[in-house]
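For reference, the structure discussed in these notes is given below.
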Protein chains: 2
Amino acid sequence: MSESSESPLVLVHRTPTLTYMDDHLSRNFRLLKTYASPDPLPVFLSRHAASVTAFVNIGRLKIDAELLSHLPSLQLLVCTSVGTDHVDLAECKRLGIAVTNAGDAFSDDVADCAVGLLISVLRLISVGDRYVRSGKWAKPGEFQLGTKVSGKRVGIIGMGTIGSRIAKRLEPFGCIISYNARTQKQSIPYRYYSDVLSLAADNDVLVLCCSLTDQTRHVVNREVMESLGKEGVIINVGRGELIDEKEMVKCLVEGVIGGAGLDVFEKEPQVPEELFGLDNVVLSPHAAVATPGALESVAQVAIANLKAFFSNQPLVSPVRLG
Amino acid sequence: MSESSESPLVLVHRTPTLTYMDDHLSRNFRLLKTYASPDPLPVFLSRHAASVTAFVNIGRLKIDAELLSHLPSLQLLVCTSVGTDHVDLAECKRLGIAVTNAGDAFSDDVADCAVGLLISVLRLISVGDRYVRSGKWAKPGEFQLGTKVSGKRVGIIGMGTIGSRIAKRLEPFGCIISYNARTQKQSIPYRYYSDVLSLAADNDVLVLCCSLTDQTRHVVNREVMESLGKEGVIINVGRGELIDEKEMVKCLVEGVIGGAGLDVFEKEPQVPEELFGLDNVVLSPHAAVATPGALESVAQVAIANLKAFFSNQPLVSPVRLG
């Protein structure tokens with residue numbers, strides 16, 4: 001019997017392009033691959049996965065009660081994202097299934113991207129790039145002025161690892177940081193706002209990097225955007241559903257807010273086409289985590305969680321199940 | 001006699017679009033405006049400016065011995081840029097003309113822009129924006145991965161106010177900073193390289209923010225780019241002539257270097273068209289200083305220099321004349 005046949009069995013689901021964990025997983029575990037079968041997923045799971053205890057969900061496949069009903073032996077669900085809004089955590093809790101996420105693997109890259117989007121929106125970097133490439137600069141004319149980044153008041157919604165790394169990066173820009181979170185954090189030196197409306201009223205930029213939950217869905221609605229005001233800018237590196245996207249599009253078109261840098265969208269990869277012609281937005285294809293370094297890190301975190309599970313050690317990045 | 005007719009006379013030259021100092025200047029001085037006359041500049045100067053002692057050059061009009069020969073009474077040349085490579089400083093020194101520049105007025109904005117370009121190049125922010133706007137994301141396909149910003153080794157050429165502010169901003173990204181400058185600065189904690197070739201060899205990113213002088217013209221040549229290497233990225237917020245642009249275009253096309261974020265060009269507003277189709281470059285129309293805040297600041301600095309001059313006080317931002 002080969003060594004690999006003795007290693008634990010892990011169920012793996014991924015989209016065709018998310019291949020970055022294949023080598024890591026196959027070196028460490030025997031794999032039951034949903035994507036290698038032509039069967040519809042529920043059929044595949046019912047036929048082959050009844051005894052599976054660990055499941056790696058690479059990407060954002062919705063994990064609900066119906067899907068979990070096909071996995072009666074499941075004890076561990078390993079997610080490769082930071083957010084677990086695609087998972088019915090209450091059902092996992094009820095069934096005694098532990099859930100892990102990407103932990104800290106993406107924090108630096110998401111924070112970097114948030115700052116990049118912020119500067120790009122305020123200082124018109126993508127607009128300027130299009131302007132030069134169009135050949136317009138060579139003709140008489142004037143490029144519009146951007147907006148100063150240094151000294152801006154930045155309100156961060158969600159002061160976890162990503163939020164605090166964004167804040168840390170913006171400090172030497174002379175930005176004045178404040179934040180909203182479920183609860184005030186004693187270790188965080190920035191001003192805390194218990195409500196988002198006041199946070200919006202007192203800031204020039206809102207950065208969204210909180211979890212998507214029932215409480216945070218559409219946390220940025222029309223009223224918050226009106227409170228942020230016509231010079232105000234929104235940066236979203238969390239989830240599209242944190243913003244009432246339909247209202248946001250109107251607010252951007254009507255000048256109710258000044259601009260937006262968006263890595264995520266409500267129905268991605270569908271993006272409202274009204275945004276395509278706007279110069280006050282920077283659009284990003286959910287790429288805040290998309291670096292080789294981050295993918296390597298999340299693969300390591302996933303493997304570490306699986307190894308911990310199979311050796312009865314504490315999980316590396318468990319998700320709080322409420 | 002009205003108060004304004006008693007205020008000192010100042011010669012002003014500007015391009016049609018650079019109107020941002022008009023109010024400031026006219027509130028404080030009587031103005032002799034080159035741009036209000038249809039006469040060719042030398043003719044205008046010879047006819048009207050023989051007694052002028054102070055000259056504000058808004059923009060980058062070349063100030064050479066020939067032009068200065070029409071201004072026999074000149075004692076102060078106020079420039080609105082940080083770099084004074086458009087001024088024959090040696091001739092000013094010989095003629096006893098003091099020169100001032102924008103001082104610190106642009107430092108934050110240029111530093112902000114440099115960091116924005118750096119993130120935009122490495123994390124493909126402008127590329128991603130084009131990708132989403134083109135509608136390609138909605139179709140099956142995969143957006144390319146960017147490169148991690150956090151932890152990059154960044155070599156800064158020119159460690160003046162702008163360079164040190166860029167360094168300060170990149171520190172919380174975990175970037176490892178080193179620099180090249182005319183001389184090692186005792187107050188700067190980063191590693192000093194006396195030669196650019198070694199700086200390039202030891203870094204992932206080169207940021208150019210030094211003055212353009214005979215010593216720094218083409219400081220980044222083919223050899224330096226080969227030393228930087230195929231993953232290496234150049235950010236230029238200094239002057240186009242700091243880089244051998246023709247060789248840079250070749251290096252970008254051939255993959256000798258990895259990418260570039262360019263706010264300045266050798267023959268701007270002409271930009272080499274070979275760059276327009278490249279995804280590894282971000283092009284910016286010399287806009288690193290283009291915010292209302294920066295223009296307000298430089299106007300204040302210019303006025304302060306003029307007031308100091310007319311009241312025999314020390315100048316606010318004198319340029320070293322060698």
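Quick note: the coordinates plus some simple rules give every number you see, no bench work behind them. This structure is a prediction, so every number in the text was calculated from the model and none was measured. Neighbour counts are summed over all protein chains in view; Cβ atoms, including those assigned to glycine, are modelled from backbone coordinates with ideal geometry.
Taking amide hydrogens as placed 1.01 Å from N in the peptide plane, the amide H of A:L31 sits under 5 Å from those of A:V10, each at least 5 positions away in sequence or on another chain. Within the listed set B:A50, B:A114, B:A105, the residue fluctuating most in the Gaussian network model of chain B (springs between alpha-carbon atoms under 10 angstrom) is B:A50.
Taking the C-alpha atoms only, the angle from helix A:107-122 to the longest principal axis of chain A is near 20 degrees. Taking the C-alpha atoms only, the angle from helix B:292-310 to the longest principal axis of chain B is near 40 degrees.
Which shape class applies to region B:1-81: rounded if a/c is under 1.5, otherwise prolate when a/b exceeds b/c and oblate if not, where a ≥ b ≥ c are the square roots of the Cα gyration tensor eigenvalues? Here region B:1-81 falls in the oblate category. Pair-distance distribution P(r) for region A:17-62, from all Cα-Cα distances in 5 Å bins starting at 0: 4, 17, 30, 28, 18, 3 percent. Placing a pseudo-label 7 Å from each Cα along the Cα-to-Cβ vector at B:R320 and A:L197 gives an inter-label distance of 5.8 nm. Here the convex hull built on the C-alpha positions of region A:7-166 has a volume of 169 cubic angstrom per residue. Roughly how tilted is helix B:245-254, in degrees to the nearest 10 and between 0 and 90, from the longest Cα axis of chain B? The helix B:245-254 is inclined about 20 degrees to chain B.
Fraction of C-alpha pairs exceeding 34 angstrom in chain B: 31 percent, rounded to a whole number.
Averaging 1/r over every pair of different alpha carbons in region B:107-283 and inverting the result gives a Kirkwood radius of 16.3 Å.
For the listed peptides A:313-322, B:69-78, a ranking on the average number of other beta carbons within 10 Å per residue, highest first, reads B:69-78, A:313-322. With all pairs of separate Cα atoms included, the protein assembly as shown yields a Kirkwood hydrodynamic radius of 27.1 Å. Inter-chain Cβ neighbour count for B:13-20, averaged per residue, equals 1 (cutoff 10 Å, partner chain atoms only).
Placing unit charges on each Cβ (+1 for Lys and Arg, -1 for Asp and Glu) gives the protein assembly as shown a dipole about its Cα centre, and among B:N180, B:V43, B:L32 the Cα reaching farthest toward its positive end belongs to B:N180. Taking every alpha-carbon pair in region B:73-183 and binning the separations at 5 Å intervals from zero gives 2, 10, 14, 14, 13, 11, 10, 9, 6, 4, 2, 2, 1, 0 percent.
Any chance you could count the Lys pairs in chain B whose alpha carbons are under 17 Å apart, treating pairs 8 or more apart or on different chains as valid? Number of lysine pairs found: 10.
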